[in-house]
Amino acid sequence: MSKVNEENWTLIIKPENKFWDLRLGELWAYRYLVRLFVRRDFVSTYKQTILGPLWFFVQPILSSVTFTFIFGNIAGLSTDGLPMMVFYMSGIICWSYFSECLNRTSSTFTSNAGIFGKVYFPRMIVPLSGVISNLMRLLIQFLLLILFMIYYIAIGANIHPNWAILLTPLFIVIMAGLGLGLGIIISSFTTKYRDFTFLIGFGVQLLMYASPVIFPLNEIKNPLYRTILEYNPMTPIIEGFRYAYLGAGTLSPGLLAYSAGFTAVVLVIGTVIFNKVERSFMDTV
């Protein structure tokens, strides 16, 4: 017994019962593992594909062309005076980042049960690394949007970037936090209720149509419908992003503050639930 007491342990793993004991300091201690998971995600996503990382460009271009043909030309939806291609691409890029973060993190426990059952590390590292790896994809697609903007500005299109570009880091943080928070909440529920696995796929798709991805918020004249859309925390982000880079759309400080507050609440609740579930999820997965 005395020999054990004399050991100089560098790490002690013990059960925690406090509801607010989130152990966030461990994330910094295991930061090297975050880099490892980010690299794994980036490499494995397009492994054994012909185009490889070029899919980062192909996906938003094909989606924008499809939306231009269906919603712009056939349905005749307004694009707020902007070229259809950049209007749809700006919404698609924002929504894709949010939805990818949500989809990736929502399967954290079920997809990584094998790893979690063999070795200890902070479980929050997995969803966090997914958000960071998706950020790399967002930045690449963002460069694609800039190239299209330069082309349309050169031919005289009505595109006017402005000072709100400085809010870009805030837009990205809110999208990342919202996707992470909702994702880890859903992931925590799927350990017992696999129904959420089936709901998340088409649920995210349906939510896209309740966001100003394919239409500008200014075109919604019905006060009730407009209010419902404004309660969607992604609405101020997409509208603000378009206002900043394209010069059209709505930048509302009040709605942006609401979106940031909503994201903060969801992220805190999600972190608490996630850390509570991770202590016993292996019994139910």
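The values are calculated or read from the model by the stated rules, or taken from the named source; none is laboratory data. Just so it is clear, the structure is predicted and the values come from calculations on it, not from any experiment. In this analysis, Cβ positions are derived from the backbone assuming ideal geometry, glycine residues included, and neighbour counts consider all displayed protein chains.
Just one of the numbered conditions (1) within 19 Å of residue 208 (Cα to Cα); (2) free of Cβ contacts under 8 Å to residues at least 60 places away in the same chain; (3) of a type outside the set (A, V, I, L, M) is not true of residue 179: (2). Of the candidates 262, 198, the single residue that is surrounded by fewer than 21 Cβ atoms within 10 Å (Cβ to Cβ) and touching a residue at least 12 places away in the same chain (Cβ under 8 Å) is 262. In the set 61, 93, 115, only one residue is under 24 Å from the mean Cα position of the chain (by Cα) and within 18 Å of residue 179 (Cβ to Cβ); that residue is 93.
Within the stretch 75-111, take every residue that is among the small types (Gly, Ala, Ser) and closer than 30 Å to residue 29 by Cβ and give me the one that is modelled with the lowest pLDDT. Among them, the one singled out is 111. Applying the set (1) at pLDDT 85 or above; (2) assigned to a helix (DSSP H, G or I) to residue 40 leaves exactly one unmet item: (1). Of the residues making up the stretch 117-142, not one is modelled with pLDDT under 85 and touching a Gly at 6+ places or on another chain (Cβ under 9 Å).
The residue of the stretch 90-119 that is surrounded by the fewest Cβ atoms within 10 Å (Cβ to Cβ), among those that are of a type in the set (Val, Ile, Thr) and closer than 14 Å to residue 187 by Cα, is 110. Does any residue of the stretch 193-209 turn out to be within 18 Å of residue 100 (Cβ to Cβ), outside any helix (DSSP H, G or I) and within 21 Å of the chain's Cα centre (by Cα)? Scanning the stretch 193-209 turns up at least one residue that is within 18 Å of residue 100 (Cβ to Cβ), outside any helix (DSSP H, G or I) and within 21 Å of the chain's Cα centre (by Cα).
The set of residues in the stretch 173-192 that are farther than 14 Å from residue 104 by Cβ and over 17 Å from the mean Cα position of the chain (by Cα) comprises 188, 189, 191, 192.
Within the stretch 145-172, the set of residues being surrounded by 17 or more Cβ atoms within 10 Å (Cβ to Cβ) and touching a Phe, Trp or Tyr at 6+ places or on another chain (Cβ under 6 Å) comprises 159, 164, 171. So for the stretch 119-137 (the condition being without any contact (Cβ under 8 Å) to a residue 12 or more places away in the chain and in a helix (DSSP H, G or I)), does at least one residue qualify? No, the stretch 119-137 contains no residue that is without any contact (Cβ under 8 Å) to a residue 12 or more places away in the chain and in a helix (DSSP H, G or I). Looking only at residues in the stretch 23-37 that are among the charged types (D, E, K, R) and modelled with pLDDT of 75 or more, the one that is farthest from the chain's Cα centre (by Cα) is 31.
Within the stretch 61-79, residues that are within 11 Å of residue 92 (Cα to Cα) sit with their Cβ atoms under 6 Å from residues that are among the aromatic types (Phe, Trp, Tyr), at 6+ positions apart or across chains, in these pairs: 64/88; 67/88.
Within the option set 114, 72, being under 25 Å from residue 134 (Cα atoms), modelled with pLDDT under 90 and assigned to a helix (DSSP H, G or I) holds for one residue only, 114. Within the stretch 241-259, being among the aliphatic types (A, V, I, L, M), buried (at least 18 other Cβ atoms within 10 Å of the Cβ) and part of a helix (DSSP H, G or I) holds for 244, 246, 255, 256.
Within the stretch 176-192, not a single residue is at pLDDT below 90, charged (D, E, K, R) and not in a loop (DSSP other than H, G, I, E, B). So for the stretch 211-228 (the condition being assigned to a helix (DSSP H, G or I), closer than 17 Å to residue 101 by Cβ and either in contact (Cβ under 8 Å) with a residue 60 or more places away in the chain or among the β-branched types (Val, Ile, Thr) (or both)), does at least one residue qualify? Checked against the condition, which is being assigned to a helix (DSSP H, G or I), closer than 17 Å to residue 101 by Cβ and either in contact (Cβ under 8 Å) with a residue 60 or more places away in the chain or among the β-branched types (Val, Ile, Thr) (or both), the stretch 211-228 yields no hits at all.
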